[in-house]
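For reference, the structure discussed in these notes is given below.
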Amino acid sequence: MDSILVTGNGPLSGQIPIAGAKNACLTLMPATLLSDEPLTLTNAPRLSDIRTMTELLGSLGAEVSQLQDGQVLAMSSHDLNNHTADYDIVRKMRASILVLGPMLARDGHAIVSLPGGCAIGARPVDLHLKALEALGAELELKDGYVHAKAPGGLKGGKVDFPLVSVGATENALMAATLAKGTTVITNAAREPEIVDLAQCLQKMGAQIEGEGTSTITIQGVDRLHGATHPVVTDRIELGTYMLAPAICGGEVELLGGRMGLVGAFCEKLDEAGIDVRETEKGLSVKRRSDHVKAVDVTTEPFPGFPTDLQAQMMALLCTADGVSVLEEKIFENRFMHAPELLRMGAQIDVHGGTATVTGVDRLKGAPVMATDLRASVSLILAGLAAEGDTTVSRVYHLDRGYEHVVRKLEGVGAKIERIKEQ
Ligand code: EPZ
């Protein structure tokens with residue numbers, strides 16, 4: 001398995017281009033199943049998760065061509081010849097569950113493997129299933145698979161989520177576009193990826209209102225047509241690289257960044273003494289002084305502080321002046337980066353969903369291990385500010401959500417290289 005070697009190398013400067021969003025692309029791609037006309041996505045990120053979704057759609061009979069060095073996905077699901085999403089693909093990526101709603105809405109039947117466990121939490125899909133049942137689906141769990149059918153098609157209904165779920169909102173939204181009648185989703189997720197999905201579906205002819213709010217109303221239509229849609233900027237990749245000059249010093253411009261995508265995050269950076277400024281091409285980030293202030297952070301659904309930036313923020317707070325308290329409210333097991341940061345000399349005390357971080361003057365380089373996608377990049381950020389060498393192993397986690405991480409950080413002066421497996 002490849003690893004990444006990072007050596008603390010002082011302040012950074014230059015520009016980093018931000019790619020299209022993984023978590024938008026992973027829900028936009030299954031939308032192709034809703035129409036027999038082509039759907040083309042531009043500004044697509046080049047990631048292993050996108051390749052897994054391509055493999056999954058291919059296994060159902062859809063065609064996905066990666067054009068322009070993979071940044072354009074030309075998709076068509078004219079002839080779906082298989083309606084079973086196999087465990088062998090689904091176990092690699094939970095987002096595979098997002099083919100369930102579209103397949104059911106399109107052809108009235110689908111069989112999708114349950115995703116199974118995940119490092120950061122139990123992550124059940126009960127809300128996805130309840131939402132589809134509210135649209136008239138008949139579901140049966142058998143041998144680790146959801147067997148779904150909707151004889152006569154899905155019907156509009158009321159979907160009221162007891163808690164905010166990004167994925168369940170996406171599945172319900174896609175399914176409702178072809179359901180007979182009106183669907184109202186309450187306590188819906190408001191993430192920018194949901195808004196991006198709704199805008200793409202509207203281009204395909206769907207009738208949707210309220211995306212970005214907690215109440216989304218969908219008027220079902222008989223069929224959807226083809227469209228071309230640019231994937232929204234990746235706010236998590238953006239936030240991650242905004243922390244590089246915050247943790248190392250210097251100034252970096254994030255090309256394609258927008259304040260509206262990272263509002264709550266920017267408020268916390270401001271509290272910590274980090275300046276974020278809008279530029280013509282994106283956002284520019286630098287510290288107000290050599291000292292970062294301790295801040296308290298609680299993760300919440302959008303527009304709150306994103307859980308997908310919690311690990312990276314912890315890396316920054318490891319060298320802040322004072323004590324910071326981080327509360328992880330979305331996933332029950334998302335502090336696995338903490339023991340690795342302890343190996344680099346950090347002071348972190350974890351109790352359940354709360355981590356108390358006491359800032360130290362400087363971290364020390366060490367061999368550390370990535371445990372999940374966001375934990376892996378938090379260790380790279382810590383390594384950028386540490387004394388000496390840090391080797392991050394199991395970086396296959398990283399490849400799922402960050403394209404060209406070595407090239408992008410090297411481009412602003414970081415000392416970083418990928419060590420290929422011997
Ligand atoms: C999406 O996951 C993202 N993944 C996650 O990003 C992100 O952390 C998460 O939203 C929250 O923002 C993709 O978009 C592919 P949820 P999702 O349903 O949809 C519980 C990354 O690093 N829940 O909003 O799976 C669940 O257990 C990844 O890129 C149920 O109980 O998240 C969690 O506690 C990691 N039943 C909470 O809701 C359900 O049926 C929020 O999960 C569904 C969810």
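Looking only at residues in region 25-72 that are touching a His at 6+ places or on another chain (Cβ under 7 Å) and surrounded by 24 or more Cβ atoms within 10 Å (Cβ to Cβ), the one that is farthest from L201 (Cα to Cα) is L41. For region 267-298, filtering for residues that are touching a Phe, Trp or Tyr at 6+ places or on another chain (Cβ under 6 Å) and among the charged types (D, E, K, R) leaves 0. Restricting region 296-312 to residues that are within 17 Å of G121 (Cβ to Cβ) and in a helix (DSSP H, G or I) leaves a set whose member that is nearest to the chain's Cα centre (by Cα) is D308.
Taking region 313-422 as the region of interest, the strands (runs of 3 or more DSSP E) fully inside it that hold 1 or more residues being closer than 30 Å to P301 by Cα are 323-327, 347-351, 354-358, 367-369, 389-393.
Candidates are the residues of region 357-403 that are among the acidic types (D, E) and away from the ligand (no atom under 16 Å from the Cβ); the one that is farthest from C248 (Cα to Cα) is D389. Screening T32, T42, T54 for residues that are under 25 Å from R235 (Cα atoms) and within 16 Å of the ligand (Cβ to nearest atom) leaves exactly one candidate, T54. Which members of region 1-24 meet the condition of being assigned to a loop (DSSP other than H, G, I, E, B) and either of a type in the set (A, V, I, L, M, F, W, C) or surrounded by 24 or more Cβ atoms within 10 Å (Cβ to Cβ) (or both)? M1, I18, A19, A21 - these are the residues of region 1-24 that are assigned to a loop (DSSP other than H, G, I, E, B) and either of a type in the set (A, V, I, L, M, F, W, C) or surrounded by 24 or more Cβ atoms within 10 Å (Cβ to Cβ) (or both). Here is a check on your reading of the model: is V159 more than 30 Å from G411 (Cβ to Cβ), within 26 Å of the chain's Cα centre (by Cα) and not basic (K, R)? Yes, satisfied.
If only residues of region 287-301 that are closer than 11 Å to D270 by Cα and out of contact with any Leu (no Cβ under 9 Å at 6 or more places or on another chain) are counted, the one that is surrounded by the most Cβ atoms within 10 Å (Cβ to Cβ) is R287. The helices (runs of 4 or more DSSP H) falling completely within region 85-156 that include 3 or more residues that are within 20 Å of T27 (Cβ to Cβ) and not hydroxyl-bearing (S, T, Y) map to 100-107, 126-134. Cβ-Cβ distances below 8 Å connect the following pairs, each with a first residue in region 159-187 that is closer than 16 Å to E209 by Cα and more than 13 Å from the ligand (Cβ to nearest atom), a second residue that is of a type in the set (D, E, K, R) and part of a loop (DSSP other than H, G, I, E, B), and a separation of six or more residues or different chains: L178/D222; L178/R223. When region 105-120 is filtered for residues that are at positive phi and either within 12 Å of the ligand (Cβ to nearest atom) or modelled with pLDDT under 95 (or both), only G116 remains. Within region 213-237, residues that are assigned to a loop (DSSP other than H, G, I, E, B) reach partners that are of a type in the set (D, E, K, R) and within 16 Å of the ligand (Cβ to nearest atom) with beta carbons closer than 6 Å, at six or more positions or on different chains, in the pairs V232/D196. Every condition in (1) over 30 Å from D107 (Cβ atoms); (2) more than 22 Å from the chain's Cα centre (by Cα) is met by L243 except one, and the failing one is (2). Might you check whether a residue that is within 25 Å of the chain's Cα centre (by Cα), more than 25 Å from S289 (Cβ to Cβ) and in contact (Cβ under 8 Å) with a residue 60 or more places away in the chain occurs anywhere in region 351-370? Looking through region 351-370, none of the residues is within 25 Å of the chain's Cα centre (by Cα), more than 25 Å from S289 (Cβ to Cβ) and in contact (Cβ under 8 Å) with a residue 60 or more places away in the chain.
Listed here are the residues, each with its yes/no results for (1) more than 19 Å from L33 (Cβ to Cβ); (2) among the charged types (D, E, K, R); (3) surrounded by fewer than 19 Cβ atoms within 10 Å (Cβ to Cβ).
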residue: P162; (1), (2), (3): yes, no, yes
residue: E170; (1), (2), (3): no, yes, no
residue: A175; (1), (2), (3): no, no, no
residue: T182; (1), (2), (3): yes, no, yes
residue: I185; (1), (2), (3): yes, no, no
residue: A188; (1), (2), (3): yes, no, no
residue: C200; (1), (2), (3): no, no, no
residue: E211; (1), (2), (3): yes, yes, no
residue: V221; (1), (2), (3): no, no, yes
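Note on region 283-305: among residues that are closer than 23 Å to V360 by Cβ and among the acidic types (D, E), the one that is farthest from the ligand (Cβ to nearest atom) is D290.
The set of residues from region 134-144 being farther than 17 Å from L33 by Cβ, surrounded by 15 or more Cβ atoms within 10 Å (Cβ to Cβ) and within 16 Å of the ligand (Cβ to nearest atom) comprises A134, L139.
Could you check, for region 254-263, whether at least one of its residues is within 30 Å of A62 (Cβ to Cβ) and among the hydrophobic types (A, V, I, L, M, F, W, C)?
Within region 254-263, one or more residues are within 30 Å of A62 (Cβ to Cβ) and among the hydrophobic types (A, V, I, L, M, F, W, C).
Among the conditions (1) within 17 Å of the chain's Cα centre (by Cα); (2) assigned to a helix (DSSP H, G or I); (3) surrounded by 20 or more Cβ atoms within 10 Å (Cβ to Cβ), the only one that V195 does not satisfy is (3). Give the residue that is farthest from the ligand (Cβ to nearest atom), with candidates limited to residues of region 148-158 that are closer than 19 Å to S113 by Cα and buried (at least 21 other Cβ atoms within 10 Å of the Cβ). Out of the qualifying residues, it is A150.
Within the option set K415, K364, K420, being modelled with pLDDT under 95, surrounded by fewer than 20 Cβ atoms within 10 Å (Cβ to Cβ) and among the basic types (K, R) holds for one residue only, K420.
The values are calculated or read from the model by the stated rules, or taken from the named source; none is laboratory data. Worth saying up front: this structure is predicted, and the values here are computed from it rather than measured. Heads up, the Cβs are rebuilt from the backbone with ideal geometry, glycines too, and the neighbour counts pull from every protein chain shown.
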